[in-house]
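Colleague: Sharing a structure, written as structure tokens. Questions coming.
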Amino acid sequence: MIGRPENQVYEIERNIILESVIRKRIPLSVNSDLNFFTVDSSSIKILDYKIILVENPNENLLCLDGKTVDVSFIYNDVRYSFKSCLKKVSAGIAFVMPLFLDADSSDFSSENADSKKFSVELFFEATEKTSDGTVFKNKRTIECLVRHDFISHFGSSVCAFEKISSAYIFEPLNPSIAVPEVLFLSRENIVIAFQKKIFEINENDEFALWLKFPLKRPLNERKIYVSFVTKKISHDSAGEKSCVFGKFSGIKLEDVRFLDEMFR
């Protein structure tokens, strides 16, 4: 299309991207009046590249009937977005797709762009029993799932825990996820969510993390060891999901500076 903006994708490219959203199970982020919801791609259908249908939406999404929302997702390190009006239909809730998608790669254009694709290992103690019934504490590590859709949306050290936990708790339950999910990271805080009760966690408990950031050669990787104390815990009404707000209690000054550059 002659004279189209460079930050927009049309027609064939747009359709290929939409197909990838379904095939690669890329979640959609829906934002309306500071209310943020994540929609799993397993619950959506794209009809003739014109309409996105969300089947069995939760009540919070249904409450957006008739409202214009911002819809976005991340594909190949680019955030694609568009505006649309949500409409309640018999099969769920639907919104009309525009002819183009806005594309923004600015969040990934820094010198160490790959460092935003960090990984997290959580250290915790699990209560176990031996064959003779002896109870003991066993130290374990578990690789967390980093939710980059949340990280990119709430990537600010001043973001309220209530907004993050509400967005997570009201998104559809995904029983296939059995590991902690990292929703937010800053120079002094982290938010970790759980869909299953992996271990007991209470306010003022202390845990440890390895944060790993891939960098360009010759460094290859930046590893940060940090401890944090749980300050707030939020649960859903059914007791199936919870969010933990942690405040770093032990972190080196050079690591604070690094995180500040990445997530300020």
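No value in this document is a laboratory result; all are computed from the given coordinates. These numbers come from a predicted model, not from an experiment. Neighbour counts run over all protein chains shown; Cβ positions are idealised from the backbone, glycine included.
Colleague: Please say if region 157-207 is rounded, prolate or oblate, where rounded means a/c under 1.5 for a ≥ b ≥ c the square roots of the C-alpha gyration tensor eigenvalues, and otherwise the choice is prolate for a/b larger than b/c and oblate otherwise?
Modeller: oblate
Colleague: Enter the angle in degrees (range 0 to 90, nearest 10) between the Cα long axis of helix 253-263 and the first principal axis of the Cα atoms of the chain, meaning the one along which they spread out most.
Modeller: 20
Colleague: Give the Cα extents of the chain along the principal axes, in whole Å, largest first.
Modeller: Projected onto its principal axes, the Cα set of the chain covers 66, 47, 33 Å.
Colleague: Continuing with this model, one more query. Residues with beta-carbon under 13 Å from that of Phe82, excluding Phe82: net charge, scoring Lys, Arg +1 and Asp, Glu -1? Mind showing how you got there, number by number?
Modeller: Details: positive: Arg14, Lys50, Arg79, Lys83; negative: Asp70, Asp102, Asp104.
Here the charged neighbours net out to +1.
Colleague: Could you compute the FRET efficiency for Asn15 and His235, with r as their C-beta to C-beta distance and R0 at 41 Å, rounded to 0.05? Present the calculation step by step, with values, prior to reporting the outcome.
Modeller: Working: r = 41 Å, r/R0 = 0.99.
Efficiency at R0 = 41 Å is approximately 0.50.
Colleague: On average, how much area does the Cα convex hull of region 175-231 cover when viewed from any direction, in nm²?
Modeller: Convex hull of Cα atoms, orientation-averaged projection: 5.0 nm².
Colleague: Using helices alone, what [θ] at 222 nm do you get for the chain, with -39,500 (n - 2.57) per DSSP H run of 4 or more residues, divided over all residues and rounded to the nearest 500?
Modeller: -4500 deg cm²/dmol, from helical runs alone.
Colleague: Related question: Take the Cα of Ser81, step 7 Å along the line toward its Cβ, and report every residue of region 13-28 whose backbone nitrogen sits under 15 Å from that point.
Modeller: Only 28 pass the distance filter.
Colleague: Order the peptides 240-252, 199-211 from the highest to the lowest mean number of other Cβ atoms within 10 Å of their residues.
Modeller: Descending mean neighbour count gives 240-252, 199-211.
Colleague: Rounded, prolate or oblate for region 52-95? Axes are the square roots of the Cα gyration tensor eigenvalues, ordered a ≥ b ≥ c, and the cut-off for rounded is a/c under 1.5. Show your work: numbers first, answer last.
Modeller: On the way: a/c = 2.50, a/b = 1.89, b/c = 1.32.
Verdict is prolate for region 52-95.
Colleague: Next question. With everything on Cα atoms, drop me the angle between helix 11-23 and the longest principal axis of the chain, reported from 0 to 90° to the nearest 10.
Modeller: 40
Colleague: Next question. Which pairs, out of Lys50/Lys83; Lys139/Lys197; Lys129/Lys197; Lys163/Lys241; Lys24/Lys163, put more than 20 Å between their alpha-carbon atoms?
Modeller: Numbers: Lys50/Lys83 13 Å; Lys139/Lys197 17 Å; Lys129/Lys197 18 Å; Lys163/Lys241 15 Å; Lys24/Lys163 27 Å.
Violating the 20 Å limit, Cα to Cα: Lys24/Lys163.
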